[in-house]
Each structure stands twice: as structure tokens, then as C-alpha cells.
Amino acid sequence: MPSGKPSVRHPSHSHPLRGHKAQVEEEIICSGCDLDVVGAAFKCTKSDCDYFLHKSCFDLPRETRHKSHPDHPLTLLYSPTYESSAYSCDACGEDGSGFAYNCSICKWDLHVGCAFMPELVEREGHAHPLKLLYGTPCKNGSVFSCDVCQETMPDNLWLYYCKKCDYGTHLHSCAVEEKEEPKRGGGNGRGSTSNGGNKGGRGSAASELAAMLKAQRDMEKMQIELHLQMQRAKIDKKSRKSILNSI
Ligand SMILES: [Zn+2]
Ligand SMILES: [Zn+2]
Ligand SMILES: [Zn+2]
Ligand SMILES: [Zn+2]
Ligand SMILES: [Zn+2]
Ligand SMILES: [Zn+2]
């Protein structure tokens, strides 16, 4: 059983972990951020235990300050402390059950992936970079709707926004367009009117990286890693699909 590789401990898990190079085919989900894991990761040493962590999730700072919540520091929780054992992310509005950055005073929670979203993204088909906002750009009570999916957005959710064009998108799926592959069973049924700019492609990660690395330090490195990780997770899902399709 014991192999040559040294084991390490992480406070989120009771068993020792060991380095693991995750392959796409393994379809591993990170127990911290709930995203796919490919590449550098940690795996529980117990063979019957499905605990995995991205290396970047393993290394997350225990406490952080976040611009979106300037009054209090946020603490990394390894599982939600709420009775429901889930939390609702105050950035994207989705539920989470893994790691969260939490303010216990305000009962305020962020997915770790959301906590490290880059402040600027490029969206193919839009001439300007989109800026991360921690709430609606609308004044005097009007309601903002996402310019990609047209859904209205609660005032408190984060979005990516171009002020010049008054153009904004949901934080995740709508911000960086995924190439729409023809899905089995009826496509995405969003009406037949296409509004042009909806071609596939993702932000230019390279230029983003260059600019950010120069300007910022440790935290931001993590941010980039997580961002790429999320993008990679999307890509992997896709390539997995095409692998399956080609069998
Ligand atoms: Zn993770
Ligand atoms: Zn375990
Ligand atoms: Zn979130
Ligand atoms: Zn707070
Ligand atoms: Zn949207
Ligand atoms: Zn614009």
C-alpha cells in the first residue's frame, strides 16, 4: 500500500493526501471548488475515498480580503456551516457545497472560483474589455438584464460590464462565450434570431495573463490559476464529449 510518494495533510480532510496527476478520462471533480480536475492535484490516500483537490485549491489562503466585501476579512470554510450544508454564493447566486470564502458576521459566502474571477475579461465579439462589477450598474431601481441570455439579474449579483456600451453579462457562462456544439436532443432552443456577435471562443487569456502578472502579485496568481482552471474545466467537458461521440 504505502508508495514512494510522500503524503501530505490538508485541514479540509481527515485522511492524508498524495500528489496526483489527473487525466481527463478520470472525470475527477475537485472536492473544494466542485470543478473538473485535470493536471496537478491531490488525491486521498485511502483507496475507497473520493477526495480530490486541485493544487490551487490545496494552496488557497485561509483568510483573505476581498474588494467586494471591504469591511471584514473572509475565512476559507471547507464545508458550509449552515444547517442546509449548502450556501448560496453572493457573487453568482448559485449554490455551493464545497469550499467557500465566508464572512460569518454578514453570512456572506463566495465560491472560491468566484472569489478569484479576474477584474477584466475580453469577450469575443465585443470591442472593449468587460469589467467585473460587484452589483448592478443600474441606478434608480431599474433592473438589469444580461445582454447575452436576456435574463434579468438580481441587483446584488456580480456581472461583467462595459460602461461605454451599457453591455453586461452574467459572471460565468455568459461572460466568455462557449463554442456552441450541436447538442443532442434539440439544441439550445433560444429562438431562431441570431444577433450576430455570438460566435464561439474565449477571452484572450494570454494578454490577460501578461497584464495581470505585471500589475499584481500572489493573490492574483491564484486568481489566474483558478480562472484558467475553470476555463480548462469547460474545455475538458467539451473534449470529453467529443471523445465520447467519436467512440
Ligand atoms: Zn478545486
Ligand atoms: Zn479520504
Ligand atoms: Zn459563485
Ligand atoms: Zn462581512
Ligand atoms: Zn446571461
Ligand atoms: Zn463596449
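General remarks:
- Largest first and in whole Å, the equivalent-ellipsoid semi-axes of region 63-113 read 16, 11, 10, each the square root of five times a Cα gyration tensor eigenvalue.
- Two-decimal Rg to Rh for region 1-133 - Kirkwood Rh, Cα set: 1.02
- Relative contact order (percent, whole number), region 22-61, Cα cutoff 8 Å, 6+ residue spacing: 36 percent
- Each other residue within a Cβ distance under 11 Å of Val143 adds +1 if Lys or Arg and -1 if Asp or Glu, for a net charge of -2.
- Contact order normalised by residue count of region 36-98, Cα under 8 Å, 6+ apart, percent: 17 percent
- Dimensions (Å) - region 76-143, Cα atoms, principal axes, largest first: 44, 29, 17
- Whole-number percent relative contact order across region 63-113, with pairs defined as alpha carbons under 8 Å at least 6 apart: 30 percent
- From the Kirkwood radius over Cα pairs of region 8-58, Stokes-Einstein at 37 °C and 0.692 mPa s returns a whole-number translational diffusion coefficient of 310 µm²/s.
Throughout, read-outs are computed from the coordinates displayed, never taken from laboratory work. Keep in mind the model is a prediction, meaning the values are calculated, not measured. Neighbour counts are summed over all protein chains in view; Cβ atoms, including those assigned to glycine, are modelled from backbone coordinates with ideal geometry.
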